[in-house]
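As structure tokens, the structure follows; a few thoughts come after it.
The values are calculated or read from the model by the stated rules, or taken from the named source; none is laboratory data. A quick note: this is a predicted structure, and the numbers were derived from the prediction, not measured. Don't worry about glycine lacking a Cβ; one is built from the backbone with ideal geometry, like all the others, and counts go over all protein chains shown. Note: areas computed on protein heavy atoms with side chains; ligands, DNA, RNA excluded. Shrake-Rupley method; radii C 1.70, N 1.55, O 1.52, S 1.80 Å.
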Amino acid sequence: MTQTSYDAADNYGVADTYDVADTYDVAVIGGGAAGLNAAIILGQARRSVVVFDNGAPRNAAADHMNGFLSRDRMNPAELLAIGRDEVRKYGGEFHDGTVVAVDRDEDSRGSGFAITLADGARISVRKVLVATGLTDRLPDELSAFGERWGRDVLHCPYCHGYDVRDQPLGVIAKSVEFAMHQAPMIRQWSDDVVLFLHRIEDLSAEDREKLAALNISIVEGEVAAPALEDDRLVGVQLADGRTVARSAIFVGGAVTMDPNDSILRSFGAATAATMMGEFVTVDMMGATSVSGVFAAGNVVDPSAQVIMAAAAGAKAGAGINMALTADDLEAALALRGSISA
């Protein structure tokens, strides 16, 4: 465990020190792009950081990333491996333990936190960054498509659209709103796009006209399962026995995105409704409504791609360092006052 010591004589012009013994400045819970980038920023700011990571990133099924400047088509696991090495270069540490609870640390007069691990161990920290991402869930009736997730059953056209360009593509959505959002967008990557209405029953004549204007075909009837040959998608089977030939299916409008935010909610962090459900809100520097608790990445932004999550982590890292700096100043002033007295 790291001990962070502040030398008041060097930093604040008083002849004494105060210690945060056996305490990390920051616990980063989640070792994806957001968490790692925050840890790098904090390490470069000479803060002591411990990162907890369960090794199960959201994009584990993907073999490469798109849209990441200088890292286009890199394997996501390679990006994380490089990131971990960079965190260690600046003194960051990684802990294999599973975080089961985060509570206010009574020994820190309410300003710090105690991290409890599955084995009962407790680690004290001054600030917490939650970067635990989200979990994509297909509805039960589409669960068979989950086995193809990240391969030819896809959710984000910006992540995967270029890879399946000019192929016969399909869109499955759970509502008119999602259908009319994603189907026209997918049309950008292929001139052969089919919208499977599945359980949508209220598609208006106006919306049908819009789809027709883009030459997007509509398939009525409930979707049953993917049609496969030689471990690749070749179509979509419908409940009535028909099979519609397709090479890839976008299901972003059918997926439920569940933020892994139990830690944030346990503190009563404020939330807001989004197109993808209720998510915890943060300010521009990643601060939640809970003092000392920050969040970044998909846990608070369902639309963030890897590069966006990394950027959010960088801003949160800077925000946390600003908060720590303010605390340091307050402590130094209190120490100076006690010495003067």
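Do any residues in the range 315-341 that are closer than 22 Å to Val26 by Cβ have Cβ atoms under 9 Å from those of residues that are open to solvent by 90 Å² or more (accessible area, probe 1.4 Å) and modelled with pLDDT under 95, where the two are at least six apart or on different chains, and which pairs are they?
The qualifying pairs are Asp328/Asn11; Ala332/Asn11.
Looking at (1) buried (at least 17 other Cβ atoms within 10 Å of the Cβ); (2) touching a Pro at 6+ places or on another chain (Cβ under 9 Å); (3) modelled with pLDDT under 95, can you tell me which one Val280 breaks?
Failed condition: (3).
Which of (1) out of contact with any Asp or Glu (no Cβ under 7 Å at 6 or more places or on another chain); (2) closer than 20 Å to Ala56 by Cα; (3) open to solvent by less than 30 Å² (accessible area, probe 1.4 Å); (4) at pLDDT below 95 is the odd one out, the single condition Gly97 does not satisfy?
(1)
So Ala269 ticks every box in (1) among the aliphatic types (A, V, I, L, M); (2) open to solvent by 40 Å² or more (accessible area, probe 1.4 Å); (3) farther than 21 Å from Gly43 by Cβ; (4) not in a helix (DSSP H, G or I) but one. Which box is left unticked?
For Ala269, the failing item is (2).
When the range 310-322 is examined, which residues are found to be of a type in the set (A, V, I, L, M), within 20 Å of Ala269 (Cβ to Cβ) and either open to solvent by less than 30 Å² (accessible area, probe 1.4 Å) or not in a helix (DSSP H, G or I) (or both)?
Ala316, Ile320
Which residues, taken from the range 100-137, are surrounded by fewer than 15 Cβ atoms within 10 Å (Cβ to Cβ), in a strand (DSSP E or B) and acidic (Asp, Glu)?
Within the range 100-137, Asp103 is the sole residue that qualifies.
Right, Ile307: of a type outside the set (Ser, Thr, Tyr), surrounded by fewer than 21 Cβ atoms within 10 Å (Cβ to Cβ), in contact (Cβ under 8 Å) with a residue 40 or more places away in the chain and assigned to a helix (DSSP H, G or I) or not? Show your work before the answer.
Details: of a type outside the set (Ser, Thr, Tyr): yes; surrounded by fewer than 21 Cβ atoms within 10 Å (Cβ to Cβ): yes; in contact (Cβ under 8 Å) with a residue 40 or more places away in the chain: yes; assigned to a helix (DSSP H, G or I): yes.
The answer is yes for Ile307.
Looking for something more than 25 Å from Met308 (Cβ to Cβ) and of a type in the set (Gly, Ala, Ser) - is there at least one such residue anywhere in the range 163-171? First the steps, then the outcome.
Let us first name the residues in the range 163-171 that are more than 25 Å from Met308 (Cβ to Cβ), namely 166-168, 170.
Cutting the leftovers down to of a type in the set (Gly, Ala, Ser) gives us 170.
Yes: the range 163-171 contains one or more residues that are more than 25 Å from Met308 (Cβ to Cβ) and of a type in the set (Gly, Ala, Ser).
Please work out if Ile339 is open to solvent by less than 60 Å² (accessible area, probe 1.4 Å), touching an Asp or Glu at 6+ places or on another chain (Cβ under 9 Å) and aliphatic (A, V, I, L, M).
no
The conditions are (1) exposed (fewer than 14 other Cβ atoms within 10 Å of the Cβ); (2) modelled with pLDDT of 85 or more, and Phe68 fails exactly one of them. Which is it?
Among (1) exposed (fewer than 14 other Cβ atoms within 10 Å of the Cβ); (2) modelled with pLDDT of 85 or more, Phe68 violates only (1).
Starting from the range 44-58, take each residue that is open to solvent by 50 Å² or more (accessible area, probe 1.4 Å) and list its partners that are among the charged types (D, E, K, R), counting only C-beta distances under 8 angstrom and pairs at least six apart or across chains.
Pairs that qualify, where the first residue is open to solvent by 50 Å² or more (accessible area, probe 1.4 Å) and the partner is among the charged types (D, E, K, R), are Arg58/Asp136.
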